[in-house]
Structures are given as C-alpha cells and as structure tokens.
Amino acid sequence: MKTASIIFWVIVVAFIGWFARDRFLERRVESQKARKRIERKQQTDSRVSEMVTRYNAIANWRDSLKTKGQTIFSVDVESSLTSSNRPVLFYGHIDDVFKKDSKYFVHISNPEDVNLDIHWVLECGPDLLATIRSNSNHFIDHYAVVASITDVKKPTLEAESVSSDSDSRDIDLASPDNTFIARGRCLDLMFVSAWE
C-alpha cells in the first residue's frame with residue numbers, strides 16, 4: 001500500500017514539475033516574442049521618423065480635424081493636408097495600383113481610422129511601384145506613406161442596388177458621411193508590417 005502511495009505522489013510531483021517547466025518555457029518564449037515585437041516597432045518608428053524628417057512631412061495633420069460633434073467637410077480635410085505646402089505622413093494599405101495616361105497611381109486606404117475614411121489616390125513612380133510589388137504577398141500590407149496632396153473631394157453619391165422582389169430592383173442613393181478622396185503624389189512609402 002505504501003509503495004502505491006509513493007508511486008502516486010511521485011507521478012503527481014513529476015506531472016506538476018513537467019507542467020511548471022512547460023509554463024516557464026511558454027512564458028520565456030512569449031517574453032522573447034514580445035521583446036522582438038518591441039524592437040521591431042522601435043526600428044520601424046525610427047525609420048518612419050527618418051522618412052518624416054527627410055521630407056519635412058507633417059505627421060499630426062489629423063489634430064486640426066478633431067472637433068467633437070461637428071461635421072467634417074472636404075475643405076477642412078484639404079486645409080489640414082495642404083495648407084502648409086508640406087507633405088503629410090499617413091498609414092494605410094494598398095488597395096490597387098493602376099495606370100492612367102501613361103502614369104502609375106496607387107489607391108491606399110486606412111481601415112483602422114473609423115472616424116475619417118480617406119481614400120488616397122496618388123501618382124507614383126516606378127521605384128515606388130517596385131517597392132509595392134516586392135511586399136505584395138501578404139493579406140494586407142501596411143505602409144507608412146509620405147505624400148504631397150493637391151486636392152480633397154468627398155464622393156457625392158453612392159449607389160446600391162436593393163432587390164425588393166425578383167422582378168424589380170430599387171437603387172438607393174446615399175452620400176457617405178466621413179469618406180474623402182485625396183489626390184496627389186506619393187513621395188515615399190515604406191512597408192511597416194503585414195496584418196495576417
């Protein structure tokens with residue numbers, strides 16, 4: 001009887017030891033991953049800061065738009081983006097690259113900004129196009145972008161087909177609230193992360 005009790009307690013202690021060792025190793029790996037994430041973020045922040053300095057870009061252009069409860073108009077966004085005649089920094093992901101009149105354009109959106117939906121349509125050169133293509137293997141590529149903005153407009157109408165029955169279709173017309181299209185030239189962009 002004593003032998004069975006001793007074996008039982010040895011198994012229990014071994015299991016507890018194994019479990020504690022496993023938790024210790026998991027926490028050490030998590031800590032290492034967190035440390036690497038912090039290092040990558042610091043490196044990225046440093047590279048973005050260098051890009052802002054290089055182009056004398058405005059990083060805090062959104063601050064002038066923070067008016068609680070007030071409607072944001074195109075003129076407000078355009079003023080925030082163009083009044084100083086300096087480029088601006090923003091973050092976003094590439095929705096499309098297209099060619100028009102022998103020029104390349106990139107369409108960038110910023111899904112994390114829920115209060116202000118800006119679709120950036122920017123002319124870009126072949127060097128930036130190569131940068132985009134070299135990082136286009138992720139679900140959503142996240143970029144830091146420096147751009148010189150020339151104008152901002154709000155889309156006037158949005159059409160949506162609504163089927164009320166099988167024989168007819170109604171079309172609802174709506175104006176998006178805080179959606180804007182900013183046009184200009186992409187001066188530089190840098191891949192900062194992939195959201196997968």
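The values are calculated or read from the model by the stated rules, or taken from the named source; none is laboratory data. What you are looking at is a predicted structure, and each value in this text was computed from that prediction instead of being measured. Here Cβ is always computed from backbone atoms with ideal geometry, including for glycine, and neighbour counts include all displayed protein chains.
Taking strands (runs of 3 or more DSSP E) that do not extend beyond segment 103-172, which have at least 1 residues that are at pLDDT 65 or above?
The strands (runs of 3 or more DSSP E) meeting that bar are 103-109, 117-124, 140-153.
Going by the conditions given, is V29 assigned to a helix (DSSP H, G or I), assigned by TED's automatic domain parsing to the domain that holds A182 and over 19 Å from V146 (Cβ atoms)? It would help to see each step written out before you state the result.
Working: assigned to a helix (DSSP H, G or I): yes; assigned by TED's automatic domain parsing to the domain that holds A182: no; over 19 Å from V146 (Cβ atoms): yes.
No; evaluated as a whole, the condition is false for this residue.
Determine, yes or no, whether T71 is loosely packed, with under 10 Cβ neighbours inside 10 Å and either at pLDDT below 90 or farther than 18 Å from A182 by Cβ (or both).
yes
Any residue in segment 179-193 that's closer than 19 Å to V75 by Cα and not assigned by TED's automatic domain parsing to the domain that holds D45: show its pairings with residues that are assigned to a strand (DSSP E or B) and of a type in the set (F, W, Y) at Cβ separation under 7 Å, as long as the two are six or more apart or on different chains.
Close Cβ pairs (under 7 Å, with a partner that is assigned to a strand (DSSP E or B) and of a type in the set (F, W, Y)) amount to A182/W120.
Sort through F24, F105, F8 and tell me the only one that's aromatic (F, W, Y) and touching a Cys at 6+ places or on another chain (Cβ under 9 Å).
Details: F24 fails: touching a Cys at 6+ places or on another chain (Cβ under 9 Å); F8 fails: touching a Cys at 6+ places or on another chain (Cβ under 9 Å).
After applying the criteria, what remains is F105.
Residues that are in a strand (DSSP E or B) and at pLDDT 90 or above: does segment 43-63 have at least one? Can you show your working first?
As a first pass, look at segment 43-63 and keep what is in a strand (DSSP E or B): 58.
Pick out the ones that are also at pLDDT 90 or above and you get 58.
Within segment 43-63 (the criterion being in a strand (DSSP E or B) and at pLDDT 90 or above), the answer is yes, since at least one residue qualifies.
Would you be able to tell me the number of residues in segment 1-26 that are under 44 Å from the mean Cα position of the chain (by Cα) and not in a helix (DSSP H, G or I)?
Qualifying residue count, segment 1-26: 0.
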